[in-house]
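Beneath this line is the structure, given in structure tokens, with notes to follow.
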Amino acid sequence: MQPGTQAKNERIDIRTTTGAKRLLQEAATAQSKTVTQFVLDVALAEAAEVLAEKRLFPMDDAQWAAFEAALDGPEKARPGLAALLSAPSVFE
């Protein structure tokens, strides 16, 4: 096996309509790919985008300034949290 490649030993089975399969076949052919390559490429790109939306928070300059100000500002007193952290752990 070449460095950086992984064995493909997992399967994903998809049941679909004839029309949907035909559309996927046409799109795959248009990009000179197999249906498997096409579907996997599109699915992985969408998966990456979905996860990025959960991890990245794009902000304009004003939003970023407000975010930094909140981070740099004085901390708020949280007596409940202080009490919780000073209590003995249930694991001790």
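Each residue of the range 28-44 was assigned a 3J(HN,Hα) from its phi angle through the Karplus curve 6.51 cos²θ - 1.76 cosθ + 1.60 (θ = phi - 60°); the sequence is 4, 4, 4, 9, 6, 10, 6, 4, 4, 4, 4, 4, 5, 4, 5, 5, 5 Hz, with glycine and proline shown as x.
If Rh is defined by the Kirkwood formula over all Cα pairs and Rg also comes from Cα, what ratio Rg/Rh do you get for the chain? My calculation puts Rg/Rh at 1.28. The distance from the alpha carbon centre of the range 18-44 to that of the range 65-92 is 51 Å, rounded to a whole number.
Measure nothing fancy, just the Cα-based angle from helix 61-72's long axis to the longest principal axis of the chain, in degrees from 0 to 90, nearest 10. Taking Cα atoms only, the helix is inclined about 40 degrees.
Where a number appears in this text, it was derived from the coordinates with a stated rule and is not lab data. All values derive from a computational prediction rather than experimental measurement.
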